[in-house]
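Rule-based calculations on the coordinates, nothing more; no lab input. These figures come from a predicted structure and were not determined experimentally. Neighbour counts run over all protein chains shown; Cβ positions are idealised from the backbone, glycine included.
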Amino acid sequence: MSGGASAMGITLNGERREIPVGLSVAALLDHLALRADRVAIERNGEILAKSQWASTAISPDDGFEIVQLVGGG
């Protein structure tokens, strides 16, 4: 392994990903370049309310399903 605790592993939509340590869920969306107004998030099997995204710290081995909402016409 390289260099201590600068990254940690999570599961994102069924795939293992390395992300920076210390992110909130809101910061994860920024890191992934996803628009907060166009996603729904499940964390460890539970829907996470948008009002909790900024205050919810990500822990190692958390599991996320992030669904992007698509508008159509």
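Scanning segment 1-42 for residues that are part of a strand (DSSP E or B) and β-branched (Val, Ile, Thr) gives Ile10, Thr11, Ile19, Val39, Ile41.
Tell me which residues, restricted to segment 43-62, are part of a strand (DSSP E or B) and either in contact with a helix residue (DSSP H, G or I) (Cβ under 6 Å, 6 or more places away or on another chain) or surrounded by 14 or more Cβ atoms within 10 Å (Cβ to Cβ) (or both). Arg43, the sole residue that qualifies.
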